[in-house]
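S.K.: Quick one: the structure is below, questions incoming.
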Amino acid sequence: MPHVRTTAYTHTERGGRNNALGSRLSGRHVMSAASDWSRFPLGTRFRIADTNEEYIIDDYGTALVGTETIDLYKLSRLDMQRWGVRHVDIDILQWGSEEQSLKVLAPRCKNHCARQMVASLQRKKTQQKKELIASLDPKKPQQKKKT
């Protein structure tokens, strides 16, 4: 995916040391990252092309909902400030699970941020079902394969 907007955060900010799953934020080999889970679902694993750093989406944040921005976990405030805002190319290594995202978010729907992501994920799911049904409709002419 070319040119994804990234920002950075650290554990000294409001969210603390834990991710959305209640585990410690990871600053090791595969680092934590946050996103709008309806854009980049929970468990999405990616590598930043320029730095070869690997991240996994295990967190979300209110400022990320409705955006294509990924917030990268950094070990210190200085590292966070050094990163700033960058547009980077990423390689998706493994796409996350929208089902798992919904499972974690559904009980949190009192929170506006979680409610927005759930609504967006449900719309996406409904649209995918409609597209699948339309593709299976025998009345609809099938496209011929090019040989």
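S.K.: Please report the net charge: other residues with Cβ closer than 13 Å to the Cβ of A20, K and R +1, D and E -1.
M.R.: After counting each charged neighbour, the total is 0.
S.K.: Provide the gained length on full extension for the span H87 to E68, in nm with one decimal, where the gain is 0.36 nm per separating residue minus the Cα-Cα distance.
M.R.: 5.7 nm
S.K.: Work from the charge dipole of the chain (Cβ charges, +1 for Lys and Arg, -1 for Asp and Glu, about the Cα centre) and give the residue of Q116, I56, H3 farthest towards its positive end.
M.R.: Q116
S.K.: Can I ask one more? Compute, for S76, the solvent-accessible surface of its heavy atoms (probe 1.4 Å) with the complete set of protein chains present, and express it in square angstrom to the nearest 10.
M.R.: Counting only protein heavy atoms, the figure is 40 Å².
S.K.: If you don't mind, another one. Leaving ligands, DNA and RNA out of it, rank R47, R28 by accessible area with a 1.4 Å probe, largest first.
M.R.: Ranked list, largest accessible area first: R28, R47.
S.K.: What is the spread of the Cα atoms of the chain along each of their three principal axes, largest first, in whole Å?
M.R.: For the chain, the Cα spread along each principal axis is 60, 42, 22 Å.
S.K.: Using only the heavy atoms of the protein chains and a 1.4 Å probe, how would K130, K124 rank by accessible area, largest first?
M.R.: The ordering from most to least exposed comes out as K130, K124.
S.K.: Something else: Between S97 and K139, what is the FRET efficiency for a Förster distance of 41 Å, r being their Cβ-Cβ separation, to the nearest 0.05?
M.R.: Efficiency, rounded to the nearest 0.05: 0.75.
S.K.: Additional query: Between helix 112-136 and the chain, what is the angle of the helix's C-alpha long axis to the longest principal axis, kept within 0 to 90° and rounded to the nearest 10?
M.R.: 30 degrees
S.K.: Taking +1 at the Cβ of each Lys and Arg and -1 at the Cβ of each Asp and Glu, which of L136, H29, L93 sits farthest along the dipole of region 7-147 towards its positive end, judged by Cα position relative to the Cα centre?
M.R.: My answer, from the dipole projection, is L136.
S.K.: Right, here's the next one. Give the total of Lys-Lys pairs in the chain with Cα-Cα distances below 17 Å; include a pair only if its members are 8 or more places apart or on different chains.
M.R.: The result is 5.
S.K.: Continuing with the same structure: Under the definition of Cα pairs under 8 Å and six or more residues apart, what whole-number percent is the relative contact order of the chain?
M.R.: Normalised by residue count, the contact order of the chain is 29 percent.
The values are calculated or read from the model by the stated rules, or taken from the named source; none is laboratory data. Model, not experiment: these values are computed from the prediction. Here Cβ is always computed from backbone atoms with ideal geometry, including for glycine, and neighbour counts include all displayed protein chains. Ligands, DNA and RNA are excluded from the accessible area calculation, which covers all protein heavy atoms including side chains. Shrake-Rupley method; radii C 1.70, N 1.55, O 1.52, S 1.80 Å.
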